[in-house]
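**Student:** One structure is given below, represented as structure tokens, and several questions about it will come after.
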Amino acid sequence: MLTVESLKKSYDDTSARASKRRSGQGARVYAVGGVDFEVHDGELFTLLGPSGCGKTTTLRSVAGLERPTEGRVTLGGRVLFDAAQKINIHANQRGLGMVFQSYAIWPHMSVFKNVSFPLEVMPRAKRPARKEIEDLVGQALEVTELAAYAGRPATKLSGGQQQRLALARALVTRPELMLLDEPLSNLDAKLRESMRFELKRLQRELNLTAIYVTHDQSEALVMSNRIAVMNQGRIEQIGKPREIYTKPATRFVAEFIGTSNFMEGKVVSAGAGEVSVDTAHGRMVAHGVERIPAVGDPVLVSIRPECVDLSRERRGNVANEWSGTVLTRAFMGDVVDHIVGVGELEIRNRSNPTLSIPPGTEVHFSVAPDKVTLVPVD
């Protein structure tokens with residue numbers, strides 16, 4: 001449906017402009033350094049990354065609110081932007097719906113008028129009849145569960161209701177593509193969690209195609225069909241949430257998505273999906289490795305805390321079993337985190353709260369070979 005090709009957006013910094021005046025040349029600062037991705041019909045595609053990684057600039061470039069330096073953007077075969085052909089369709093002519101981080105609700109209008117506004121300001125030739133506007137607004141309010149508040153001033157809504165109002169206003173024009181720029185970031189933690197499922201419900205029921213921007217990894221994992229993890233203006237990995245979490249392609253992805261234990265090592269044997277790695281603290285065996293490295297290659301071993309099996313007794317008949325000492329523990333309600341020291345290495349374990357081992361206790365821990373991920377070292 002949507003295709004983004006070789007998209008770049010650059011800004012000249014102050015020093016570059018000064019240099020340009022002196023020498024006729026100047027370095028460019030790239031907010032987006034060349035990204036490629038496709039969004040399929042009915043898909044919620046998430047751009048995930050830390051502040052400053054270029055995800056909002058990418059979204060605004062698709063919306064037409066930023067003019068990219070290079071690249072091409074097409075929607076359903078229609079070219080929205082092409083730097084080479086000097087095509088740039090104005091934002092109000094792209095037919096996209098957008099929900100901003102700030103809801104931008106008209107405070108002097110009712111809930112109904114806020115939602116009807118995009119229809120009422122359409123060019124006369126495209127503007128629906130008044131009865132059709134009423135029907136479209138009614139449908140948008142119904143699916144967002146705001147029909148009972150149609151006559152209420154918009155400022156009298158709760159935070160979650162205002163977020164749904166902004167969504168209803170974007171939905172009412174029946175856009176081909178929805179763009180959502182961190183729409184839940186202004187909500188408190190409990191409301192934000194419930195709204196994740198609400199938004200996902202709406203997206204599925206209405207078969208919406210949407211691009212969702214967030215820095216919240218939990219939000220991305222819960223809501224997305226696919227995730228693009230961005231870093232420094234580039235996409236590090238695209239994949240389904242489970243794939244991104246269990247098979248990170250780079251160290252940045254492994255660190256940014258959840259928590260990981262890392263060990264540097266060198267491959268000593270490899271073949272048939274099984275790889276053995278020597279680390280400074282012992283040997284690790286990994287099964288189900290998709291990208292088999294060569295013997296002698298440096299790799300980064302990544303292990304999720306919940307994949308570390310902690311025990312007071314040595315079992316001896318399991319792979320990847322090491323010994324260590326509990327350094328500290330933390331009760332977190334639904335889980336208990338233990339930090340286990342192995343020499344200078346610290347391994348994090350995440351266990352059911354029924355297991356709580358006090359600091360100073362000698363323990364043994366193991367990791368199933370199919371839970372060991374090998375990340376290439378650039």
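The values are calculated or read from the model by the stated rules, or taken from the named source; none is laboratory data. Note that the structure is a prediction, hence the values are computed from the model and not measured. Every residue, glycine as well, gets a Cβ built from its backbone with ideal geometry; the counts of neighbours run over all protein chains shown.
**Student:** Which ones in segment 334-374 are farther than 23 Å from Ala254 by Cβ, hydrophobic (A, V, I, L, M, F, W, C) and part of a loop (DSSP other than H, G, I, E, B)?
**Tutor:** Leu355, Ile357
**Student:** Can you run down the residue pairs with Cβ atoms below 8 Å, 6 or more apart or on separate chains, where the first is in segment 32-52 and without any contact (Cβ under 8 Å) to a residue 40 or more places away in the chain and within 15 Å of Gly71 (Cβ to Cβ) and the partner is among the hydrophobic types (A, V, I, L, M, F, W, C) and buried (at least 19 other Cβ atoms within 10 Å of the Cβ)?
**Tutor:** Every condition considered, the pairs that remain are Glu38/Leu2; Glu38/Val4.
**Student:** Val326 versus (1) surrounded by 13 or more Cβ atoms within 10 Å (Cβ to Cβ); (2) under 30 Å from the mean Cα position of the chain (by Cα): which is the lone unmet condition?
**Tutor:** (2)
Yes or no, residue by residue, for (1) modelled with pLDDT of 95 or more; (2) within 24 Å of the chain's Cα centre (by Cα):
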{"residue": "Thr58", "(1), (2)": "yes, yes"}
{"residue": "Arg72", "(1), (2)": "yes, yes"}
{"residue": "Ile87", "(1), (2)": "yes, no"}
{"residue": "Val99", "(1), (2)": "no, yes"}
{"residue": "Ala104", "(1), (2)": "no, yes"}
{"residue": "His108", "(1), (2)": "no, no"}
{"residue": "Glu120", "(1), (2)": "no, no"}
{"residue": "Pro128", "(1), (2)": "no, no"}
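**Student:** Got a sec? Which strands (runs of 3 or more DSSP E) wholly within segment 192-310 have at least 2 residues that are in the same structural domain as Leu355 (by TED's automatic domain parsing) and touching a strand residue (DSSP E or B) at 6+ places or on another chain (Cβ under 7 Å)?
**Tutor:** Hits in segment 192-310: 261-271, 274-279, 282-287, 298-303.
**Student:** Follow-up. Could you check, for segment 249-267, whether at least one of its residues is acidic (Asp, Glu) and modelled with pLDDT under 95?
**Tutor:** yes
**Student:** For Gly24, indicate whether it is modelled with pLDDT under 95 and either within 14 Å of the chain's Cα centre (by Cα) or under 14 Å from Thr214 (Cα atoms) (or both).
**Tutor:** Criteria not met by Gly24.
**Student:** Anything in segment 311-326 that is within 22 Å of Lys266 (Cα to Cα) and either assigned to a helix (DSSP H, G or I) or of a type in the set (A, V, I, L, M, F, W, C) (or both)? List them, or say none.
**Tutor:** Answer for segment 311-326, where residues must be within 22 Å of Lys266 (Cα to Cα) and either assigned to a helix (DSSP H, G or I) or of a type in the set (A, V, I, L, M, F, W, C) (or both): Val318, Ala319, Trp322.
**Student:** Hey, could you check segment 149-202 for residues that are over 19 Å from the mean Cα position of the chain (by Cα) and among the hydroxyl-bearing types (Ser, Thr, Tyr) and say which is surrounded by the most Cβ atoms within 10 Å (Cβ to Cβ)?
**Tutor:** Tyr149
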